[in-house]
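Notes follow once the structure below has been shown.
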Amino acid sequence: SLLLSSLKKIPEAKIALKKILDLDPRNTDAIKKYANLCLDHTNPSSCKEALPTLKVVIESFSEEDSFFPRICNYIGAAYLYQRKFTKALDYFYKALKSDIVNSENFFNVGYAHYHLTNYTKAIHYLQQGYEFVKNDPTCLTVLGKSCMELNRLSEAMAYFNESRVFFPDNPDNLLAIALLLKKLGKEEAFLHFIKKLEKQFPDNADIYNN
């Protein structure tokens with residue numbers, strides 16, 4: 001198939017792009033393509049493989065360079081997808097320091113804090129990022145999950161409901177709502193959401209029943 005053929009070419013493309021970057025580490029087009037090929041949240045080994053090249057590349061840019069925060073976020077994502085959240089946070093902070101008007105930089109810092117269970121800090125940075133972009137459902141879901149961990153349940157539900165406006169069938173958000181309903185003792189509503197999830201996303205049935 002065409003998809004299988006393209007997947008087989010990915011290792012070759014990575015090698016070709018790496019060679020380009022070895023010769024020209026400031027080639028921003030090659031950096032973007034290389035990162036897009038390597039940084040896959042379902043493939044931590046690919047992320048680990050990308051780190052040496054990305055770390056060499058970043059040495060060619062100063063903190064004042066407009067492309068510097070982008071590379072920081074690439075490296076941060078590579079660590080994040082390997083669940084190395086502290087290292088990810090270090091690079092996300094560098095990106096934010098270099099560019100304080102990009103909502104993505106706030107989101108990334110907040111998301112790393114969430115994974116480190118620093119829920120108050122996660123809320124702080126996610127809310128700042130949300131001031132720039134008012135329609136990001138993932139940000140709203142993580143805000144809600146952070147509030148839920150801090151037992152700020154009414155705030156959590158408000159964020160989850162707002163997230164549904166932009167992405168009604170986001171399974172992560174729907175599962176979070178279900179767990180919040182269970183926490184609130186609303187067993188019937190909880191079961192309704194779980195059944196809805198099992199019907200819409202049967203491949204994830206084991207997650208919903210745990």
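Every read-out reported here was derived from the displayed coordinates using simple, explicitly stated rules and does not represent laboratory data. Quantities reported herein were computed from a predicted structural model and do not represent experimental measurements. As a convention, Cβ positions derive from the backbone with ideal geometry for all residues, glycine included, and neighbour counts pool all protein chains shown.
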- In deg cm²/dmol, rounded to the nearest 500, the helical mean residue ellipticity at 222 nm of the chain, built from -39500 (n - 2.57) for every DSSP H run of length 4 or more, is -24500 deg cm²/dmol
- Item | the range 22-126: proportion of alpha-carbon pairs further apart than 21 angstrom, % | 31 percent
- Task: Would you compute, for the Cα atoms of the chain, the largest minus smallest coordinate along each principal axis and list the three values in descending order, in whole Å?
- Result: 61, 44, 26
- Given a Förster radius of 35 Å and the C-beta distance between residue 154 and residue 28 as r, what FRET efficiency does 1/(1 + (r/R0)^6) yield to the nearest 0.05? 0.20
- Note on the structure: Extension length gain for residue 101 and residue 62 (0.36 nm per residue less Cα distance), in nm, is 12.2 nm
- By per-residue mean of other Cβ atoms within 10 Å, what is the highest-first order of 188-200, 170-182? 170-182, 188-200
- Work out how much length residue 166 to residue 36 would gain on full extension: take 0.36 nm times their residue separation and subtract the Cα-Cα distance, in nm to one decimal. 44.3 nm
- Whichever aspartates and glutamates have a C-alpha closer than 19 Å to that of residue 9, once near sequence neighbours (fewer than 8 apart) are set aside: 29, 40, 49
- Local charge sum around residue 26 (other residues, Cβ-Cβ under 11 Å, Lys/Arg +1, Asp/Glu -1)? -4
- Starting with the highest mean, order 71-79, 56-64, 111-119 by the number of other Cβ atoms within 10 Å, averaged over the residues of each peptide. 71-79, 111-119, 56-64
- Message: If I take every Cα pair under 8 Å that is 6 or more residues apart in the range 1-94, average their sequence separation and divide by the length, what percent do I get for the relative contact order?
- Response: 23 percent
- Item | Where trypsin sites (Lys or Arg not before Pro) fall in DSSP loop in the range 96-150, at most 14 other Cβ within 10 Å | 134
- Message: For the pair residue 138/residue 117, report the inter-label distance in nm, with labels modelled 7 Å from Cα in the Cβ direction.
- Response: 2.4 nm
